[in-house]
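**Student:** The structure under discussion is supplied below as structure tokens; questions concerning it will follow.
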Amino acid sequence: MTSRLNTFDQPVGEPLPDWTPRPAPARADLDGAYCRLEPLDAGRHADDLFAAYATETDGRNWTYLPDEPFDTADGYRRWAESAARSADPLHYAVIDRRTDRAVGTMALMRHDPANGVVEVGYVVFSPLLQRTPVSTEAQYLLMAYAFDGLGYRRYEWKCDALNAPSRKAAERLGFTFEGVFRQAVVYKGRNRDTAWYSIVDGEWPLLRKAFRVWLAPENFLDDGRQRRSLGGILGG
């Protein structure tokens, strides 16, 4: 972190004379090569999403989420109707372009346009989406929207500190670990220590380039396996 000295010889942050508040995230489609993000709409997406989540063999993917797996399509539809009305979190459905069906959701949340900060969260990816180019591109599309579309300075990822898969995903996607907030949340009747990660705007150009290289069709074999990992590309 760089600083300057003020007239009292105290260190202060770098000035941002041209900074102005940024727009809040909007309900807009975000298009990619493998997927499309659409603002969640229960009428269009709920049936596909319930069917996608029903392909799970157990409920382990819901352990660290505020909700439990949904037993019925009507129950999920009611949740989706409520979530679709929310402006913050702003939920998006992830549409697989191969099938034109919704296979997961994610959200931009804790919007702070005055400071240019937003968090990606409530990521619920079905088995149809996990460990595919679709899942990585969906993350990239939201990042690009925050940094390139809205001009934000900071993009956050937070999770239960015990959620090893989420922490591994954050690191793979280029987030920097910042620390653990102890006893930050109570959910499902238990404590959550929250691990914090972030990407800042100065890091984004290199990350953007790495994502584009990784997502290029030539990076994948005929069976869908990657030739180069995202981490390998970032590491040069």
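**Student:** Checking the conditions here, which among ALA102, ALA114, ALA83 is assigned to a loop (DSSP other than H, G, I, E, B), farther than 17 Å from ALA144 by Cα and in contact (Cβ under 8 Å) with a residue 40 or more places away in the chain?
**Tutor:** ALA114
**Student:** Next question, about the same structure. Looking only at region 26-53, count every residue that is in contact with a strand residue (DSSP E or B) (Cβ under 9 Å, 6 or more places away or on another chain) and either among the aliphatic types (A, V, I, L, M) or not in a strand (DSSP E or B) (or both) and tell me the total.
**Tutor:** Qualifying residue count for the region: 18.
**Student:** Could you say whether any residue in region 95-103 is under 16 Å from the mean Cα position of the chain (by Cα) and under 23 Å from PHE175 (Cα atoms)?
**Tutor:** No, region 95-103 has no match at all.
**Student:** Another question, if that's okay. Scanning for something touching a residue at least 60 places away in the same chain (Cβ under 8 Å) and on the phi > 0 side of the Ramachandran plot, does region 129-138 turn up at least one residue?
**Tutor:** No - not one qualifying residue is present in region 129-138.
**Student:** Looking only at region 1-25, count every residue that is assigned to a loop (DSSP other than H, G, I, E, B), out of contact with any Pro (no Cβ under 6 Å at 6 or more places or on another chain) and either touching a residue at least 60 places away in the same chain (Cβ under 8 Å) or of a type in the set (Lys, Arg) (or both) and tell me the total.
**Tutor:** So the count comes out to 3.
**Student:** Considering only region 24-49, how many residues are within 17 Å of LEU141 (Cα to Cα) and surrounded by fewer than 17 Cβ atoms within 10 Å (Cβ to Cβ)?
**Tutor:** Number of matching residues: 7.
**Student:** Just checking, which of PRO11, PRO69 is modelled with pLDDT under 95, in contact with a Leu (Cβ under 8 Å, 6 or more places away or on another chain) and of a type outside the set (S, T, N, Q)?
**Tutor:** Only one candidate passes the filter, namely PRO11.
**Student:** Could you figure out which of (1) surrounded by 13 or more Cβ atoms within 10 Å (Cβ to Cβ); (2) out of contact with any Phe, Trp or Tyr (no Cβ under 7 Å at 6 or more places or on another chain); (3) part of a helix (DSSP H, G or I); (4) not hydrophobic (A, V, I, L, M, F, W, C) isn't true of LYS209?
**Tutor:** In the conditions (1) surrounded by 13 or more Cβ atoms within 10 Å (Cβ to Cβ); (2) out of contact with any Phe, Trp or Tyr (no Cβ under 7 Å at 6 or more places or on another chain); (3) part of a helix (DSSP H, G or I); (4) not hydrophobic (A, V, I, L, M, F, W, C), LYS209 misses (1) alone.
**Student:** While we're on this one: Under 8 Å between Cβ atoms, which residue pairs at least 6 apart in sequence (or on different chains) link something in region 37-64 that is in contact (Cβ under 8 Å) with a residue 24 or more places away in the chain with a partner that is of a type in the set (A, V, I, L, M) and surrounded by fewer than 16 Cβ atoms within 10 Å (Cβ to Cβ)?
**Tutor:** Between residues of region 37-64 that are in contact (Cβ under 8 Å) with a residue 24 or more places away in the chain and residues that are of a type in the set (A, V, I, L, M) and surrounded by fewer than 16 Cβ atoms within 10 Å (Cβ to Cβ), the close pairs are PRO39/ALA28; ALA46/ALA73; ASP47/ALA73; PHE50/ALA73; TYR64/LEU162.
**Student:** Name the residues in region 56-72 that are loosely packed, with under 15 Cβ neighbours inside 10 Å and of a type in the set (Ser, Thr, Tyr), would you?
**Tutor:** THR57, THR63, THR72
**Student:** Name, by its number, the condition in (1) of a type in the set (D, E, K, R); (2) more than 24 Å from GLY232 (Cα to Cα); (3) surrounded by 14 or more Cβ atoms within 10 Å (Cβ to Cβ) that does not hold for GLU203.
**Tutor:** Looking at each condition in turn, GLU203 falls short on (2).
**Student:** Restricting attention to region 141-157, which residues are under 10 Å from the mean Cα position of the chain (by Cα), of a type outside the set (A, V, I, L, M, F, W, C) and surrounded by 23 or more Cβ atoms within 10 Å (Cβ to Cβ)?
**Tutor:** Hit for region 141-157 is TYR155, nothing else.
**Student:** Looking at LEU108, LEU142, LEU129, LEU90, can you tell me which residue is closer than 19 Å to ASP29 by Cβ, out of contact with any Phe, Trp or Tyr (no Cβ under 8 Å at 6 or more places or on another chain) and at pLDDT 95 or above?
**Tutor:** Details: LEU108 fails: out of contact with any Phe, Trp or Tyr (no Cβ under 8 Å at 6 or more places or on another chain); LEU142 fails: out of contact with any Phe, Trp or Tyr (no Cβ under 8 Å at 6 or more places or on another chain); LEU129 fails: at pLDDT 95 or above.
Within the list LEU108, LEU142, LEU129, LEU90, the selection yields LEU90.
**Student:** Of the residues in region 97-130, how many are in contact with a Leu (Cβ under 8 Å, 6 or more places away or on another chain), among the β-branched types (Val, Ile, Thr) and under 30 Å from LEU16 (Cα atoms)?
**Tutor:** Number satisfying all stated conditions: 2.
**Student:** Then there is this: Looking at PHE211, PHE177, can you tell me which residue is in contact (Cβ under 8 Å) with a residue 60 or more places away in the chain, touching a helix residue (DSSP H, G or I) at 6+ places or on another chain (Cβ under 9 Å) and over 27 Å from ALA87 (Cα atoms)?
**Tutor:** PHE211
The values are calculated or read from the model by the stated rules, or taken from the named source; none is laboratory data. Only a predicted model underlies this, so the values are computations on that prediction, with no experimental measurement involved. Because the Cβ atoms are built from the backbone with ideal geometry, glycine has one as well, and the counts that use them run over all protein chains shown.
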